[in-house]
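Since the structure comes first, as C-alpha cells, the remarks are kept for the end.
Every read-out reported here was derived from the displayed coordinates using simple, explicitly stated rules and does not represent laboratory data. Model, not experiment: these values are computed from the prediction. Positions of Cβ are generated from backbone atoms using ideal geometry, with glycine treated the same way; all protein chains shown enter the neighbour counts.
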Amino acid sequence: MSEVSSTQEFQYSSPRHQAETAISGMWLFLATEMLFFGPLFLAWIYSRHWNQQGFDAGARQTEVIVGTVNTVVLVTSSLIYSMGVTFIEGGGTRRLIQCCIGAWLLGLMFLLLKFGIEWRHDFERRLFPGSDFAIDGPLRDGARLFFVFYFLGTAVHGLHMLVGLILVGWIILRARRNEFSSSYYTPVIAVGLYWSFVDMVWIILYPLIYLVGRGA
Amino acid sequence: MNPRLRHLLLAWELLLALLAIEFGASFLALDRAARPLVLVPAALMVAVVSVAFMDIRRGPETIRLCAAAGLLWLCILLGLGSLDPMTRVIHHVRTTNIK
C-alpha cells in the first residue's frame, strides 16, 4: 500500500493515512460479511447433522461439473483482477482496464452458468423445495432441507456477485477517465478485496453443496 | 516477469491443485460423519486467496486485526451454534398402547 492520494481530506494526517483508513474500513466491512454468511454455514451444519442421509441424497443431485467449472472461473477472475492491481501500481492504466474487463467477463460467465444453466436444470428436474419436489420416500425431508440451503446460499452469493460486477464496472469507467495512477488507486484495491472475498465465500460453498455429500 | 505477477500465478496454480485434491477426495469412501474433512483443502484455498490476492500481509495492522476479529466471531458463532447438535443425545422412547 505505497500509493499516495492526490487529494487529502482534512481529517487525515497524510494521504497515506487516508488510503490506509479506506482499506481498513473495507476489511472491517468484510469482517461483518463473514458474520453475514456465518448463519448460512451453521444452517448447513445443523441441517446435515440431523438429516445426514436425506441431505447427502440431495447433494448427489447437484451438477458437480458446472460447480467445479464455476470455481475455476471465479478463482481465475480473482487472479486477473489482482494482476490489474499490480499493473496500476506501476502506472499501467490500460493493463488495469484490460484485467478488469477480463475479471468482469468471467464474473458474468459464472452468473450465466449458475443461474442460466444450473438453476434452469434444477427447476426442470423439480428440485426446487416446493410442493412439487421430485425426491420422494424417507429421504424427502432431508433432501428438501438441502435444496433450501442450496437455493438460498447460491442466491445470496449471486447477489454479492452482482454487486461485485457493478463495482468492477465502476472501476473500469473510472480507469477509462484516467482517474487512477501509480500514486492513487485505493478504490481499485478496495473493490479487489470485495471481489476476492466473494470468491472466498464460493470456495467454501462449493464443497458444502457439491462435494461433502457426493461419495457418502 | 514481474516478481509479483509470478507470485500471483503460483498462487493460482496452487489453488487449482488444491481444487483438484478436493474434487478427488470427494470420491473417497469416507464415513458419512468424516466427509466434512473434504473441506480441509477449501480452508487452505481461503488462506491462499487471503495471502496472495488480498495481500493480507501488507498494509496497516488494522486489516489483520479486522480479519482476525471476523474469524474469531465466526468461530464463536459456528462453535456455539454447533454445540447443541454435536452434544445432544436422542433417546428413543418405546411407545406402548394404553388400554
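What is the number of the single condition among (1) farther than 26 Å from residue A:159 by Cβ; (2) free of Cβ contacts under 8 Å to residues at least 12 places away in the same chain; (3) of a type outside the set (Asp, Glu) that residue A:130 does not meet?
So the condition that residue A:130 fails would be (1).
With hydrophobic (A, V, I, L, M, F, W, C) and loosely packed, with under 11 Cβ neighbours inside 10 Å as the only criterion, which of B:1, B:54 stands out?
Among B:1, B:54, only B:1 is hydrophobic (A, V, I, L, M, F, W, C) and loosely packed, with under 11 Cβ neighbours inside 10 Å.
Test residue A:24 against the stated conditions and say whether it is within 30 Å of residue A:191 (Cβ to Cβ), within 9 Å of chain B (Cβ to nearest Cβ) and touching an Asp or Glu at 6+ places or on another chain (Cβ under 6 Å).
no
Considering the stretch A:78-101 alone, what residues qualify as being more than 10 Å from chain B (Cβ to nearest Cβ) and of a type in the set (Ser, Thr, Tyr)?
Matches in the stretch A:78-101: A:93 only.
Go through the stretch A:160-216 residue by residue and tally those that are away from chain B (no Cβ under 14 Å) and closer than 30 Å to residue A:58 by Cα.
Residues in the stretch A:160-216 being away from chain B (no Cβ under 14 Å) and closer than 30 Å to residue A:58 by Cα: 4 in total.
Before we move on, is residue A:16 within 10 Å of chain B (Cβ to nearest Cβ) and either more than 25 Å from residue B:71 (Cβ to Cβ) or more than 18 Å from the chain's Cα centre (by Cα) (or both)?
Against the criterion (within 10 Å of chain B (Cβ to nearest Cβ) and either more than 25 Å from residue B:71 (Cβ to Cβ) or more than 18 Å from the chain's Cα centre (by Cα) (or both)), residue A:16 qualifies.
Can you find a residue in the stretch B:23-35 that is more than 9 Å from chain A (Cβ to nearest Cβ), more than 18 Å from the chain's Cα centre (by Cα) and either among the hydroxyl-bearing types (Ser, Thr, Tyr) or surrounded by fewer than 18 Cβ atoms within 10 Å (Cβ to Cβ) (or both)?
no
For the stretch A:117-153: of the residues being in a helix (DSSP H, G or I) and β-branched (Val, Ile, Thr), which is farthest from residue A:185 (Cα to Cα)?
Restricting to residues being in a helix (DSSP H, G or I) and β-branched (Val, Ile, Thr), the top hit is A:148.
Checking the structure you have, find out if any residue of the stretch A:154-175 is free of Cβ contacts under 8 Å to residues at least 12 places away in the same chain, of a type in the set (Gly, Ala, Ser) and not in a helix (DSSP H, G or I).
no
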